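Data block below; observations after.
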């Protein structure tokens with residue numbers, strides 16, 4: 001069986017706290033001999049997932065749980081928030097042209113996670129949201 | 001840990017060159033926008049952002065770059081990027097930035 005390592009972090013809603021998770025990700029990669037270049041797109045997934053959870057969960061519990069399971073071949077990222085949940089199908093896919101002329105130029109997190117991952121699963125209820133992202137590293 | 005965001009800028013002929021360092025997050029994106037606006041008010045319509053020393057970005061920071069693109073479009077100007085990390089380039093592609101902005105290798109490519 002492939003060597004795999006796990007990291008589980010509970011992150012408070014603090015400015016730039018996602019950088020803590022990114023540091024952990026890079027260190028896990030180095031431990032397994034995975035270059036920083038191969039971690040590159042995973043960095044984007046982790047950043048967007050955590051920001052999305054902390055910004056949009058509407059939670060009174062200002063924490064997110066982030067779990068990484070990494071092998072040399074694959075990274076699985078699980079991001080859990082404890083907010084009010086949302087209906088993913090109701091989120092309109094953003095387009096840059098539609099952002100022109102509007103105040104709100106944000107709202108790209110889900111699109112980036114879907115487009116950049118090799119596996120994307122979202123489970124949302126009134127008790128919170130779990131996003132599972134898979135990224136092939138080999 | 002990623003360094004705090006900083007930027008430097010200078011004018012090369014009619015091109016505003018902004019070099020960033022550190023995390024392009026909400027605060028970093030806002031600083032880039034402010035620096036751009038200082039020069040845009042004086043008629044600058046060509047902007048090059050060199051992000052060689054920014055290896056971490058997020059979509060909130062990038063949303064400020066969309067605002068820069070919008071303002072430049074309104075005056076017939078253009079935004080250029082230099083020294084893009086592959087994952088950041090892919091992020092910009094997914095968000096559609098290259099429909100209006102351009103990746104270049106050197107400032108001399110800007111006409």
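Some observations on this one:
Rundown of residues vs (1) farther than 14 Å from residue B:66 by Cβ; (2) more than 13 Å from every other protein chain (Cβ to nearest Cβ); (3) part of a loop (DSSP other than H, G, I, E, B); (4) at pLDDT 95 or above, yes/no style:
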residue: A:89; (1), (2), (3), (4): yes, yes, no, no
residue: A:92; (1), (2), (3), (4): yes, yes, yes, no
residue: A:97; (1), (2), (3), (4): no, no, no, yes
residue: A:103; (1), (2), (3), (4): no, no, yes, no
residue: A:110; (1), (2), (3), (4): yes, no, no, yes
residue: A:114; (1), (2), (3), (4): yes, no, no, yes
residue: A:121; (1), (2), (3), (4): yes, yes, no, yes
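- The stretch A:1-25, residues that are at the interface with chain B (Cβ under 10 Å from one of its Cβ atoms) and either within 13 Å of residue A:74 (Cβ to Cβ) or in contact with a helix residue (DSSP H, G or I) (Cβ under 7 Å, 6 or more places away or on another chain) (or both): A:18, A:22
- Filter result for residue B:37 (surrounded by fewer than 19 Cβ atoms within 10 Å (Cβ to Cβ) and within 20 Å of residue A:19 (Cα to Cα)): no
- Any hit, the stretch B:15-24, residues being assigned to a helix (DSSP H, G or I) and touching a helix residue (DSSP H, G or I) at 6+ places or on another chain (Cβ under 7 Å): no
- Evaluated against (1) touching a residue at least 60 places away in the same chain (Cβ under 8 Å); (2) in contact with a helix residue (DSSP H, G or I) (Cβ under 6 Å, 6 or more places away or on another chain), residue A:99 falls short on exactly one condition, (1).
- Filtering the stretch A:50-62 to residues that are over 16 Å from residue B:61 (Cβ atoms) and at pLDDT 85 or above leaves A:53, A:62.
- Residue list for the stretch B:74-111, restricted to those being within 14 Å of chain A (Cβ to nearest Cβ), part of a helix (DSSP H, G or I), touching a residue at least 24 places away in the same chain (Cβ under 8 Å) and closer than 23 Å to residue B:37 by Cα: B:92, B:95, B:97
- Of all residues in the stretch A:41-76 being surrounded by fewer than 16 Cβ atoms within 10 Å (Cβ to Cβ) and in contact with a helix residue (DSSP H, G or I) (Cβ under 9 Å, 6 or more places away or on another chain), the one that is nearest to the other protein chains (Cβ to nearest Cβ): A:55
- Here the condition is being more than 14 Å from every other protein chain (Cβ to nearest Cβ), loosely packed, with under 14 Cβ neighbours inside 10 Å and within 28 Å of residue A:49 (Cβ to Cβ); of B:21, B:6, it holds for B:6 alone.
- Members of the stretch B:38-70 found to be without any contact (Cβ under 8 Å) to a residue 12 or more places away in the chain and in a helix (DSSP H, G or I), listed by number: B:38, B:70
- Evaluating residue A:82 against the criteria (1) more than 14 Å from chain B (Cβ to nearest Cβ); (2) in contact with a strand residue (DSSP E or B) (Cβ under 7 Å, 6 or more places away or on another chain); (3) within 23 Å of residue B:61 (Cβ to Cβ) leaves one unmet condition, (3).
- Members of the stretch A:42-62 that are in contact (Cβ under 8 Å) with a residue 60 or more places away in the chain and closer than 15 Å to residue A:122 by Cβ: A:45, A:48, A:49, A:52, A:53, A:57
- Qualifying residues in the stretch A:25-40 (those that are in contact with a strand residue (DSSP E or B) (Cβ under 9 Å, 6 or more places away or on another chain) and in a loop (DSSP other than H, G, I, E, B)) - the one surrounded by the most Cβ atoms within 10 Å (Cβ to Cβ): A:34
The values are calculated or read from the model by the stated rules, or taken from the named source; none is laboratory data. Everything quoted here is computed from the prediction, not taken from an experiment. FYI the Cβ positions are ideal-geometry reconstructions off the backbone, even for glycines, and counts take in every protein chain you see.
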